[in-house]
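Below: one structure, written as structure tokens.
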Amino acid sequence: MFRRLVSGDVFILQRRLSQSLKCLRLLSCNSVIGSDRGQDLSREERTVPTERVPSRPEKQKRVCKVILDRFDQQYGQELGPLWPSARAVLLNPGCWQYGVMLNRFTAVSDVKQRLQGQGFISLLPHTDLPHPPSPTQPHPPSPTQPHPGPPPLPPSLQCFIHPSPVRYPSPPHRQGQLKAYYLLNAASLLPVLALGVQEGDRVLDLCSAPGGKALAILQTADPALLCCNEMDPHRRDWLAKTLESFIPQSLSSTVTVSNQDGRLFGQSEAGMYDKVLLDAPCSNDRSWLFSCGTGGDQEGAVRLRDRARLPTLQTQLLRSALAAVRPGGVVVYSTCTLSRSENQEVVEAVLNTCPGVELQDLEEELALPLQEHFTFTPLGHTPSLGLLVVPQQGRTWGPMFLSRIKRIH
């Protein structure tokens, strides 16, 4: 059982296992296929030593050949020369890097000092990296800066990374105490940075579980409302536990958990939000390569058939998100797959069928300031429908796609 934070009230929900969940997961925002999308660390990945450890041989995971063959065929064509290195990274979990996001609701000075002492560096250049202004608070151009950026990020959003695949220990659970940091794939912060939440914003995290991006949003600003939606009951359990482990009870009236079908928000709460994050269900490249289990390639073939249905669901969710945001507000669409059909083609389909919206460029705002840490697909392509982070040796972050769309009217 777990607690749900809904407008300050506490609800007790009972875990239930049933065959019907196999169908429900196909409609759930974050668990359409598979429970771990690879951006926030799974429970298995969080079991780490108490001291930092360099890259080391890991227990061999069985690669799903039918999925790897499909990836080779598709990504070899879509990514060209970037695919062989990305392939090597995805097939070698021992080389994956992890970020450590500090929790501003706890005392983190000791953790920060330990991280720096072990060679971790700050991911975010707070004095240089901008984030978009609130639509209600535009920033006039400066006469000395022909292309000015908005104000720098608040220093409360702190994430530390290591140039090597060093695994920092999982934060210990202590009764009555909030956890001081959260382990994640650093690329998962990019959609939050693109969202640019400001003080007093009403924010919807449409597909919120397991909760890492919701926590990151709360590190950047104090929104008037953060609605964390998750339809699948087991992932909602995970989400609620994450929030309770990192967020003080005083925010229980600000941070709510809902369980709607994400495709219905555009009808039930049309124009209610300033910012909407849609971290959409997708074919998680990291986990899918090792997802065949006892079913072998036959199970992989089933996943690939299910994969073909994802763009339709993703498009429906993105349309719903755009309907839920007010005129002048923005929606950030993100996935953790390299697949063009789930990324650029979904964005393009929505732009072509939804009047009154416009795509916003993220290259100067995010890609250029952070290209030291992330490998983006070649910049400058026209038209650019978003940013794609491709994992490469030494910079194993991603996959992560993100695109920002503004609702004009």
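The values are calculated or read from the model by the stated rules, or taken from the named source; none is laboratory data. It should be emphasised that the depicted structure is a prediction, and the values quoted were computed from it without experimental measurement. Positions of Cβ are backbone-derived with ideal geometry, glycine not excepted, and every protein chain shown enters the neighbour counts. The accessibility values were calculated without ligands, DNA or RNA, using every heavy atom of the protein model including side chains. Shrake-Rupley method; radii C 1.70, N 1.55, O 1.52, S 1.80 Å.
Details
- Of the criteria (1) open to solvent by 30 Å² or more (accessible area, probe 1.4 Å); (2) free of Cβ contacts under 8 Å to residues at least 24 places away in the same chain, which one Pro369 fails: (2)
- Filtering the range 318-377 to residues that are of a type outside the set (Lys, Arg), part of a strand (DSSP E or B) and closer than 16 Å to Tyr273 by Cβ leaves Val325, Pro327, Gly328, Gly329, Val330, Val331, Val332, Tyr333, Val357.
- The range 317-357: number of residues that are touching a residue at least 40 places away in the same chain (Cβ under 8 Å), within 12 Å of Leu385 (Cβ to Cβ) and open to solvent by 10 Å² or more (accessible area, probe 1.4 Å): 3
- Scanning the range 61-100 for residues that are among the polar types (S, T, N, Q) and part of a helix (DSSP H, G or I), we see that the one that is surrounded by the most Cβ atoms within 10 Å (Cβ to Cβ) is Ser85.
- Scanning the range 193-214 for residues that are assigned to a loop (DSSP other than H, G, I, E, B) and over 10 Å from the mean Cα position of the chain (by Cα) gives Gly196, Val197, Gln198, Glu199, Gly200, Asp201, Leu206.
- The residues in the range 255-270 that are open to solvent by less than 30 Å² (accessible area, probe 1.4 Å) and over 13 Å from Asp205 (Cβ atoms) can be counted, and the count is 2.
- Some residue of the range 379-387 being in contact with a helix residue (DSSP H, G or I) (Cβ under 9 Å, 6 or more places away or on another chain), part of a helix (DSSP H, G or I), in contact (Cβ under 8 Å) with a residue 12 or more places away in the chain and open to solvent by less than 30 Å² (accessible area, probe 1.4 Å): no
- Per-region count, the range 373-391, residues modelled with pLDDT of 95 or more and either on the phi > 0 side of the Ramachandran plot or more than 19 Å from the chain's Cα centre (by Cα) (or both): 1
- Condition met for Ala301 (part of a loop (DSSP other than H, G, I, E, B) and more than 20 Å from Ser403 (Cα to Cα)): no
- Consider the range 271-313 and keep the residues that are among the hydroxyl-bearing types (Ser, Thr, Tyr) and either touching a Pro at 6+ places or on another chain (Cβ under 6 Å) or open to solvent by less than 10 Å² (accessible area, probe 1.4 Å) (or both). The one that is nearest to Ser85 (Cα to Cα) is Ser283.
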